[in-house]
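The values are calculated or read from the model by the stated rules, or taken from the named source; none is laboratory data. Note that this is a predicted model, so its numbers are computed, not measured. All Cβ positions, even for glycine, are placed from backbone atoms using ideal geometry, and neighbour counts span all protein chains on display.
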Amino acid sequence: MSKKVLIMAGGTGGHIFPALAIAKELKARGVTIEWLGGTNGLEKSLVPKHGYKLHSVYTSGLRGKSVITILKAVFFLGLGLLQTILVFIKFRPNKVIGMGGYVSGIGGLLAKLLFIPLIIHEQNTIPGTTNRLLSKLANKSFQAFENTFDIKIKASTVGNPLLFRPISKKTPELVQKILILGGSLGAQKINETITKINTPLSIWHQTGAKHFDNVKASYNTDLHLDLKIEPFIEDMAKAYAWADIVICRAGAMTISELIASKTIAILIPFPYAVDDHQTINAQYLSKNGAGILIKEDDLSADLIDMELNRLSPEKLQEITTKLELLSVLSPEIIIADYLFD
């Protein structure tokens, strides 16, 4: 019997990277993978780069739109539905995996109409609109964090699949090396604040391409003698292994990477994320004693200095222990086992 899986993920790296990790595990088991994505997201470059056939279909959101835009959106969704039907007819998948987003909504509904098993995975602590709806139809729902879906859904908590394998490291006794991450596009408030801290440290700073020149010019090189500034970091496993502590946003994948690599972090959620989900993500760590949460409105160099000085060897060990309690081993293996055990 052939094993064919259609993965539905697009738009942002938060949907695409965990889907790529699942695809990698399935491919190693001899499963044929094809991909359903949108026409304008990161999947256009990322998916073919990893060797998977990408079907790009029209999608459009309906949330918070004007009447004219909604009419256009309905047209594109109808066109996307026709394109998706053709993908299902040609590929004939045995099972379908949805990671959220508009493209998953179209494909997920079609899978149910065609009696094809539908599996979904939610990456955030708050489910997106698509996954919230599909969870009521799916044969199986997976969630990265506890209590994301309603208890009636009976979702399995597995964490977020990661493309990289974390490197084992010891709990730091002192904070000497600090990694700054604002996401691939950078985070202006974080970038501006960190250059003003007075605690002498070894710093590895991912700025995002847009902020690279300004950040590089702003640092006091006499205070921070070991200073590495980059627009983007390719080898995240190496970066997490190097760092004693990370200062970062609180995207779902970042939270999962911190847990998997047992890396202590000061989290500054992006305050304008949909449903303020980054704050909820950060609270998942802070409320469990596994991370430190600072609101962007409160962020200052003095506050960062104060938080760094509070991190005694005992506190560092305590946070590391709490991170270990949250870890889940190899989510992609658990999901692949469910699909083809």
- The one condition T39 fails out of (1) touching a Ser or Thr at 6+ places or on another chain (Cβ under 6 Å); (2) part of a strand (DSSP E or B); (3) not aliphatic (A, V, I, L, M) is (2)
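Out of the strands (runs of 3 or more DSSP E) lying entirely within region 154-254, which hold 1 or more residues that are touching a Pro at 6+ places or on another chain (Cβ under 8 Å)?
Result: 202-206, 245-248.
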- Give the residues of region 291-300 that are in contact (Cβ under 8 Å) with a residue 24 or more places away in the chain and either more than 18 Å from I178 (Cβ to Cβ) or of a type in the set (D, E, K, R) (or both), sorted by residue number. K295, E296, D297
- Of the residues that sit in region 41-77 and are among the polar types (S, T, N, Q) and modelled with pLDDT of 85 or more, which one is surrounded by the fewest Cβ atoms within 10 Å (Cβ to Cβ)? S45
- Task: Within region 272-283, identify whether any single residue is of a type in the set (F, W, Y) and touching a residue at least 40 places away in the same chain (Cβ under 8 Å), and answer yes or no.
- Result: no
- Note on the structure: Restricting attention to region 232-245, the residues that are buried (at least 18 other Cβ atoms within 10 Å of the Cβ) and over 16 Å from the mean Cα position of the chain (by Cα) number exactly 4
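Can you go through E324, E307 and tell me which one is touching a Lys or Arg at 6+ places or on another chain (Cβ under 8 Å) and either charged (D, E, K, R) or not assigned by TED's automatic domain parsing to the domain that holds I22 (or both)? Walk me through it before giving the result.
On the way: E307 fails: touching a Lys or Arg at 6+ places or on another chain (Cβ under 8 Å).
On inspection, the qualifying residue turns out to be E324.
Looking only at region 310-341, how many residues end up being within 30 Å of N94 (Cα to Cα) and loosely packed, with under 12 Cβ neighbours inside 10 Å? Before you say what the answer is, go through the steps one by one.
Of region 310-341, the ones within 30 Å of N94 (Cα to Cα) are 328-341.
Cutting the leftovers down to loosely packed, with under 12 Cβ neighbours inside 10 Å gives us 329, 341.
The number of residues fulfilling the criteria is 2.
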- Query: Just checking, how many residues over region 121-153 are assigned to a loop (DSSP other than H, G, I, E, B) and under 20 Å from the mean Cα position of the chain (by Cα)?
  - Reply: 13
